[in-house]
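Readers should treat all values here as calculations from the given coordinates under stated rules, not as data from a laboratory. Computed from a predicted model, the values in this text were never measured in an experiment. Glycine also receives a Cβ, built like all others from the backbone with ideal geometry; neighbour counts cover every protein chain displayed.
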Amino acid sequence: MSAEVIKQLQEAVQFSPENVPLRLHLAQVLLQDYQYIQAEEQYRKVLELSHDNIAAQLGLARTFYHQQKYSVAIVVLEQLEHQEPDNFDALLLHCRILVKENSLEAARDLYQHMLQLNPGFRDETLDGIFRMPQQQYSAAAEDEEDEEIEKIFTLEKPEINFNDVGGMTREKQEIDLKIIKPLQFPDLYKAYGKKAGGGILLYGPPGCGKTYLARATAGQIQAEFINVGIHDVLDMWIGNSEKNLHSLFELARQSKPCVLFFDEVDALGANRTSMRNSGASHLINQFLSEMDGIAANNDNVLIIGATNAPWSLDPAFRRPGRFDRIIFVAPPDQEGREEILKIQLRNKPTEDIDYRAIAKVTAGYSGADLKAIVDLAIEDKLMEALQKGIPQPITQKELLKAAKTHKATTREWFNTARNYALYSNEAGLYDDVLKYLDIKK
Ligand code: ATP
């Protein structure tokens, strides 16, 4: 903007100081020219003349925003929003200010409200901050949203069963008694006044086979398996998430027998308090009531949740009929490690393998760690085969070498879990962790 234009406008305003549109125009030109203090002065004068002028209030708030005077900007915006609650420009500025002030929760609420007002709107920066999937409100939002739901709600018929799960004798037994048998013999359980249904929560360090076990449980009873990452659901919380969650449970009910598996379930519980005033708290309540519904008509739908952070889970999730059975999925013991190694090397060319010896040097390793060792050994062998031009079987040597390279990844988890088990072990929730660590109560 040329200085000349600004000068002419200033002269014109001097001539007719009470001309509101003219002064407003000057203020806006100054704002565009980054002259925030001068713009602020002009907006104030407009407001003296025209108290409720929306454009002047918005402009004034903008000048404050650019001068980083966030609290006064909010005061002005709140007054404006009182007059015009759905003024989109004001809401957007308000939302950006909340982000600047680090009031992310309030900002997210506001952004959600804005998207409800204008579903076609999106702001890349805010999307990034709130981890919004872009397709939710892009131009082709509807179609893409359906695809998103289908992606999350994929039905799968697992080809693995308990025979493919190494070790975990105790875990398999518990699952059998707690969810499989009640499913196979409902009348018997009823006769003893035992209600079937509810959910199982698997917890433990990463990579110890929680997902794998849940999948094998479905395979064991030839049930369908639906794997839901809670973060996927949370990402969808704007808009239709409650409806989607309901459809998900409905899908499970229609696909009986079915194992509905929720990974990272703590993400839901942990967010309950912090999201009390937002859309997400409805989602959580919806989740809990869907679970209660499953408990009420336990019809071949098994719910399994998994978490690495059970201490973050809201106790509401552990009430009867919800995740009322809790199983610690520990790193495999010596025998378990041997079995997992055998399973991972099944159908692969091997020679002279002393599984016991490898299991001995891998105490504390998770199933995923053992799988990583096998993968490393295979890569090693593959390189050699490529160089020599003939396939070579995997031997003890590569496996031991890989075990030296890849260290156990469960240690950090136990450092945290130990503290919870020692100092916050309500109702003996973490007794199994103490037992694993060989700590006497
Ligand atoms: P996270 O907490 O990181 O989600 P998780 O406990 O769900 O981990 P999985 O993803 O189930 O762990 O396990 C990782 C991989 O490790 C599995 O896909 C499987 O190949 C292997 N694995 C783990 N435990 C076993 C086991 N008991 N028997 C055979 N393979 C196993």
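Restricting the calculation to Cα atoms, every distinct pair contributes to the Kirkwood radius of segment 3-132, found to be 15.6 Å. Rounded to the nearest 10 degrees, the inclination of helix 3-15 to the longest alpha-carbon principal axis of the chain is 50 degrees. Amide hydrogen proximity for THR410: with H placed 1.01 Å from N in the peptide plane, the residues at 5 or more positions away or on another chain lying under 5 Å are SER366. Treating r as the C-beta distance of ILE439 and ARG170 and R0 as 25 Å, the FRET efficiency rounds to 0.85. Among the chymotrypsin sites (Phe, Trp or Tyr not before Pro) in segment 377-438, none is located in a DSSP loop while being surrounded by at most 10 other Cβ atoms within 10 Å of its own Cβ. Computed from phi, the 3J(HN,Hα) profile of segment 55-68 under the Karplus parametrisation 6.51, -1.76, 1.60 (θ = phi - 60°) reads 4, 6, 5, 5, x, 4, 4, 5, 5, 4, 4, 5, 8, 6 Hz, with x in place of Gly and Pro.
For segment 336-350, putting each phi into the Karplus relation 6.51 cos²θ - 1.76 cosθ + 1.60 with θ = phi - 60° gives couplings of x, 5, 4, 5, 5, 4, 5, 5, 5, 9, 4, 6, 10, x, 10 Hz, in residue order, rounded to whole numbers and with x for Gly and Pro. Are there any chymotrypsin sites (Phe, Trp or Tyr not before Pro) in segment 177-218 that are in a DSSP loop and have at most 13 other Cβ atoms within 10 Å? List them by number. Taking segment 177-218 and a limit of 13 other Cβ atoms within 10 Å, the loop chymotrypsin sites (Phe, Trp or Tyr not before Pro) found are TYR192. Each Cα pair under 8 Å and six or more residues apart adds its sequence gap; the mean of these over the residue count of segment 3-132 is a relative contact order of 13 percent. Considering helices alone, the calculated mean residue ellipticity of the chain at 222 nm is -17500 deg cm²/dmol, with DSSP H runs of length four and up weighted by -39500 (n - 2.57) and normalised per residue. Using the alpha-carbon positions of the chain, Rg (one decimal) and Dmax (whole number) come out as 30.2, 100 Å.
Compute the relative contact order of segment 334-405 as a whole-number percentage, counting only Cα pairs closer than 8 Å that sit 6 or more residues apart in sequence. Here the relative contact order equals 39 percent. Listed values for segment 82-95 are Karplus-derived 3J(HN,Hα) couplings in whole Hz (6.51 cos²θ - 1.76 cosθ + 1.60, θ = phi - 60°), namely 5, 6, 9, x, 9, 5, 5, 4, 5, 5, 5, 5, 4, 4, and x replaces Gly and Pro. Residue ranges 253-266, 159-172 sort as 253-266, 159-172 when ordered by packing (mean number of other C-beta atoms within 10 Å per residue, highest first). Among 325-331, 213-219, 79-85, the peptide with the highest mean count of other Cβ atoms within 10 Å heads the list, and the full ranking is 213-219, 325-331, 79-85. Extension gain, ASP375-ASP86: 0.36 nm per intervening residue step, less the Cα-Cα distance, totals 98.4 nm.
Once backbone amide H atoms are built at 1.01 Å from N, LEU201 has GLY305, ARG325, ILE326, ILE327 as its partners under 5 Å, excluding neighbours fewer than 5 places away on the same chain. Over segment 334-405, the pair-distance histogram of Cα-Cα distances with 5 Å bins from zero comes to 3, 18, 31, 26, 12, 6, 3, 0 percent, rounded to whole numbers.
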